[in-house]
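The values are calculated or read from the model by the stated rules, or taken from the named source; none is laboratory data. Quick caveat, the model's predicted, so the values are computed rather than measured. Cβ placement follows ideal geometry from the backbone for every residue including glycine, while neighbour counts extend to all protein chains displayed. Surface areas here come from the heavy atoms of the whole protein model, side chains and all, with no ligands, DNA or RNA. Shrake-Rupley method; radii C 1.70, N 1.55, O 1.52, S 1.80 Å.
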Amino acid sequence: MARKMLVIDDDPTVLSSCQRIFEAEGYYVATTTSPEEGLSLVLDTYFDVVLCDWMMPGLDGMDVITRLDHTSPGSAVVMISGYPSIERATEAMKRGAMDYVAKPFTPDEIIKAVNEAIQRKEDEETKIIERFGRLTKTGQISLPSIDEKILQALSAAIDERRRTEAQPSLESLSEPERLQEITFAVLDKYERDRNNLIAMLQAVHSYAGYLSYEAIGLIARELQISEHDIFGTASFYAQFKFEKPGKHLIRVCTGTACFVGGGGVILEAAKSRLSIVPGQTTEDGVFSLERVACLGCCALAPVVTIDDEVYGQMSPAKLSRTVDKVYRTESVKSA
Amino acid sequence: MTKKRTILVCQGTGCVSAGAPQIHREFEREIIEHRLDVEVKLTGCRGFCQVGPSAIVDPDDILYCRLKPDDVKEIVNSHLVNGIPVSKFHYHDPATGDPIPKWKDIPFYNRQQKMITAQWGFINPEDIEEYLAIGGYRAARQAILALTPEEIIEEVKSSQLRGRGGAGFLTGVKWDFARRSNGGGASQKYVICNADEGDPGAFMDRSLLEANPHSMIEGMIIGAFAIGASKGFIYVRAEYPLAVHRLEVAITQARGKGFLGSHILGSDFDFDLQINQGAGAFVSGEETALMASIMGERGSPRPRPPYPASEGLWGQPTNINNVKTWAYIPLIIKNGAKWFADMGSGPSKGTVVFSLTGKINNSGLVEVPMGIKLREIIYDIGGGIPHGKKFKAVQTGGPSGGCLPESYLDKEVTYESLEAAGSILGSGGMIVLDEDVCMVDIAKYFINFTQEESCGKCSPCRIGTEKLLNILEKIVNGQGEEEDLGLLEELGELVKNGSLCGLGQTAPNPVLTTIRYFRDEYMAHIVEKRCPAKVCKALIEYYINEDTCTGCLLCLRSCPTNAVTEHEREATKDREHKHPDSAASKGKRKKKKVDTICVINPDTCVRCGICFANCPTGAILKRDRPLYSKQYAVGSMQ
């Protein structure tokens, strides 16, 4: 799940540059020029990080921090200001900010500061929870004043958040269960209508990597059409695979421009390097090889894509190096 | 007041693959660091994909080419801070080597005539405000609030705009059919944008959606209003994720501004758009197949009539046009039909967008007036053939088109002229082929493509394309007979006349045109068992030039069949005789690789070409297979 960030600053250029920097880092970024709006936003949405300016018309940045500490205590707040001073930095930290960055900043600076702030906030929270747990266990404090119902609601809310935030626990499921989960999630998103069949198949395919018989069966049941009908439609389109693909997909373009530019040799090289033919997956399950008709970036011919990354002006040697690189990162991951 | 400086970083698929997003970030970083009042803007494709990633500094009009992240610092320092453009990153004239700083002065641009591509690369495709600022949606406003549907159709008719998807049917006439058709009293009508750009080697439609999606959406709004449709579909290839993303953004923004939805611009006209992603079937670009696909079925075509204008999606009147056709509409409404009809030649009006690729110096997208000569496109705009090679043919229209030889370079490019030559204008793919390309191999390539993509519904296409492929395979394997050419021609005509849809009706074009213009190459394969371009595997062999081989062993390591072996040079052997080496000095000698050369064993070589592509010194060469194997091939035939 993407981390959420809120940026409050009266200067729109800061907002747009923060947005670009952090969206590239995989964040969901919300921005506002109004501190009041920012404070109301945190009531609806939980933000992991809040970047807040100090000098703003309307509400002082310091007050925003204080209010944030009450309304959204889980957010890591980072203060940004064009008028840096030690006093203000200390004041901001006292009021609950995690860090203080002076404007103008480089993307690297702000990314580093935000990452550290999140880490610090998480550490702080763990510590508090541990201490709290110790205290209740040893009987040093008791919780008589809290209503049992509120406690239940709280723990339910925590469980809920854990459930949604836990990185797709899909990984831990068995293969049929995983596909079932994905298919149900997709079915929930679409109206159960034959017209949406291809869109549904595409959605299942993009999450699961292929269409299993279980998935087709489930969709058939829900749409009340036959499995044969679905299989007939799906097998018509080159996009759909019916077997589990490798971890990485290598697609060699053999469009006309790539073909006359030597795409055929690249395909030969890929076949020879991986010892498979297009449509197959290597024995270790790391690579699948595919031949595609055209990727539409003909000026870069010959072109190969590995997952979503495009490699232009390919040569057999370059392909071999790239494959080696992926193998290296794979072995690092498994180690 | 001077205009604020803006850096336009191209982020079409081509430049993105070449690293444009890093360039964008570098510019932003440097500008923040220098505290400059300069905006860095994302734009779509500017067409000149060959020099990507590229950036233009506006309003100076300076183009920087082939940027790497490290180059940005220098540009910001020199150009933006001190006002001195960095000439080493300019485009350099390949003939004189002189830098050309302004993009407008580069031959690739100044010979084009830009209509629908005019704004590509200068506006941010993800920001509707920029499209509005250049007069966007004004044509839609005018059409909906000031014109009647009949007036709009009349205007489109008199502009003589023809469909840019390939068939070239008059758009206004098609709209008129759809408007008049009531589909058995039904009121619901649909419009579709065909963005299922399946031709290999063509990327105009994708670039349009990435560079200026609003122009196409505006065209659809006007068309829907004229026809009386309330729902539109955009059928776009799933292989184009960036185009899909930009379309989604554009549709959301257009809805936000009230150009889509109910009561558009306060009128009674309701219209909304939906994106459907194609799932990788070439035939689904055919209009009836595309509609089947939108309805969640197999994307097979059906016989026409009934035409979509009378019975289309869910049996209702439907109008379907190509992306580019839709994008011309706002311009025609804004500038008048005459403005459009004044350009072009004969019944082919306006401009045409080509994606120029293959063996050409300046790959990219070009927009030229109809009637331009092929030579101007290939030599003046495209910059000619790289590495001083000789031009052989130009392929237009993708798998449905044909290959035209040098004698056609001075013919005008129109729907009619290309059709008379046996090719088609198609959707605008243009692939240049040089002397290293074998025409029989190219014909085989296209037939292989159409044979794989044939949906199999009608026999002439399903069986005919396979038979064509079999005969071509026989020829490239050195087993062709003279009667084969006549057979190919006869079968080709049969497939053309007997097939159900455009795929089969045009599939034999590449074969028929190559036989028509390059018969001698076929004959060389059939009679002499020789491939003049040295491409066909069965007729060539690889060998290593001893003089240029450095013994680097790259070929040996990459050979999939171990056909390459390492040998000592004769001279080295002599020396060895005189000075019998110890083990240590032998090791030292091995490191001096010049003493080793490689040899390819023609019997185990599968002629995959990997060593040929890898060799750093070009020491691996191709030659005709020696006579005995040819004789063998002839003998085996009899």
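Net charge around B:V606, counting only other residues with Cβ within less than 9 Å of its Cβ (Lys, Arg = +1; Asp, Glu = -1)?
+1
Accessible area drop of at least 20 Å² (1.4 Å probe, protein heavy atoms): which residues of the range A:283-329 qualify, relative to the chain alone?
Buried by the other chains: A:R291, A:A293, A:C294, A:L295, A:G296, A:C297, A:C298, A:A299, A:L300, A:V310, A:P316, A:A317.
Per-residue Cβ counts within 10 Å, from other chains only, averaged over B:604-617: what number is that?
Shielding by partners across B:604-617 averages 4.
Pairs B:K324/B:K349; B:K392/B:K529; A:K325/B:K88: which exceed 24 Å Cα-Cα?
Pairs exceeding 24 Å: A:K325/B:K88.
In the range A:269-335, what GluC sites (Glu not before Pro) fall in a loop by DSSP, with at most 12 other Cβ atoms inside 10 Å?
A:E283
Round to the nearest 10 and give me the degree value, 0 to 90, for the angle of helix A:213-223's Cα axis relative to the longest principal axis of chain A.
70
For B:K467, what accessible area in Å² do you get when you roll a 1.4 Å probe over the heavy atoms of the protein chains, rounding to the nearest 10?
Here the residue's solvent-accessible area equals roughly 100 Å².
Just need the relative contact order of chain B here, percent rounded to a whole number, with Cα pairs under 8 Å and 6+ apart.
About 11 percent, as a whole number.
How much net charge surrounds B:F391 when only other residues with a Cβ under 10 Å from its Cβ are counted (Lys, Arg +1; Asp, Glu -1)?
+2
At a probe radius of 1.4 Å, what is the per-residue accessible area of B:D410, in Å² to the nearest 10?
90
Go through B:Y109, A:Y46 and list them by solvent-accessible area, largest first, probe radius 1.4 Å.
Per-residue accessible area, sorted high to low, gives A:Y46, B:Y109.
Summing Lys, Arg as +1 and Asp, Glu as -1, what charge do residues with Cβ under 13 Å from the Cβ of B:G296 carry, B:G296 excluded?
Taking every other residue near B:G296 into account, the sum is -1.
Run the numbers on chain A and let me know its relative contact order in percent, using alpha-carbon pairs under 8 Å that are six or more apart.
9
If the limit is 25 Å between Cα atoms, which of A:K112/B:K73; B:K174/B:K411; A:K318/B:K444; B:K257/B:K334; B:K174/B:K373 go over it?
Over 25 Å apart, Cα to Cα: B:K174/B:K411; A:K318/B:K444; B:K174/B:K373.
How high is the relative contact order of the range B:128-340, in percent, with contacts defined as C-alpha pairs under 8 Å that are six or more residues apart?
32
Taking square-rooted eigenvalues a ≥ b ≥ c of the alpha carbon gyration tensor, is the range A:4-121 rounded, prolate or oblate, where a/c under 1.5 means rounded and, failing that, a/b exceeding b/c means prolate?
rounded
Would you mind classifying the range B:206-270 by shape? Square roots of the alpha carbon gyration tensor eigenvalues, ordered a ≥ b ≥ c; an a/c under 1.5 is rounded, otherwise it is prolate if a/b is larger than b/c and oblate if not.
Prolate.
At a probe radius of 1.4 Å, what is the per-residue accessible area of B:K457, in Å² to the nearest 10?
My reading of the accessible area for B:K457 is about 110 Å².
For peptide A:18-25, how many partner chain Cβ atoms fall within 10 Å of a residue's Cβ, on average?
Neighbouring Cβ atoms belonging to other protein chains average 2 per residue here.
Are there any helices in chain B, counted as whole DSSP H runs, that stretch 18 Å or more along their axis by Cα and score at least 1.0 on average by Kyte-Doolittle, and if so which?
Both cut-offs are met by B:213-227.
If you take every DSSP beta bridge whose two residues both sit in the protein assembly as shown, what share of them, in percent to the nearest 5, is antiparallel?
Roughly 50 percent of the DSSP beta bridges within the protein assembly as shown come out antiparallel.
Considering every Cα-Cα pair within the protein assembly as shown, what fraction, in whole percent, is farther apart than 38 Å?
54
Please give the per residue accessible area of chain A, computed with a probe of 1.4 Å over protein heavy atoms only, in Å².
Spelled out: the 1.4 Å probe surface of chain A, per residue, equals 53 Å².
So how do A:195-204, B:554-563 stack up, highest first, on mean other-Cβ count within 10 Å?
Averaged packing, sorted descending, gives the order A:195-204, B:554-563.
Take the range A:248-334, compute every pairwise Cα distance, and split them into 10 Å bins from 0; I just need the percent in each bin.
19, 55, 23, 3
Just tell me how shielded A:249-261 is by partners: mean number of partner chain Cβ atoms within 10 Å of each residue's Cβ, no decimals.
Averaged over the peptide's residues, the number is 6.
Using only the alpha-carbon atoms, how far is helix A:263-274 inclined from the longest principal axis of chain A? Give it as 0 to 90 degrees, nearest 10.
80
Hey, any idea what % of the protein assembly as shown's accessible area is carbon plus sulfur with a 1.4 Å probe?
The nonpolar share, carbon plus sulfur, comes to 51 percent.
May I ask for the accessible area buried between chains A and B, both sides summed, probe 1.4 Å, to the nearest 100 Å²?
Using a 1.4 Å probe, the pair buries roughly 4000 Å².
Using a 1.4 angstrom probe with every protein chain in place, what is the largest-first accessible-area order of B:H263, B:H567?
B:H263, B:H567
Cysteines of chain A lacking any other cysteine beta carbon under 4.7 Å?
A:C18, A:C52, A:C294, A:C297, A:C298
For B:S355, B:S345, give the ranking by accessible area with the largest first, probe 1.4 Å.
Largest accessible area first, the list is B:S345, B:S355.
Report the one residue of B:L290, B:G618, B:I221 whose Cα lies farthest in the direction of the positive end of the charge dipole of chain B (charges on C-beta: Lys and Arg +1, Asp and Glu -1; origin at the Cα centre).
Towards the positive end, the residue furthest out is B:G618.
Based on DSSP H runs of at least 4 residues, each adding -39500 (n - 2.57), what is the mean residue ellipticity at 222 nm of chain B after dividing by all its residues, to the nearest 500 deg cm²/dmol?
Dividing the helical sum by the residues of chain B leaves -11000 deg cm²/dmol.
Please give the Cα centre distance for the range A:181-227 versus the range B:49-89, rounded to the nearest Å.
49
Among rounded, prolate and oblate, which fits chain B when a ≥ b ≥ c are the square roots of the eigenvalues of its C-alpha gyration tensor, a/c under 1.5 means rounded, and a/b larger than b/c means prolate?
The shape class here is oblate.
What's the center-to-center distance, using Cα atoms, between the range B:540-568 and the range A:256-335 in Å?
23
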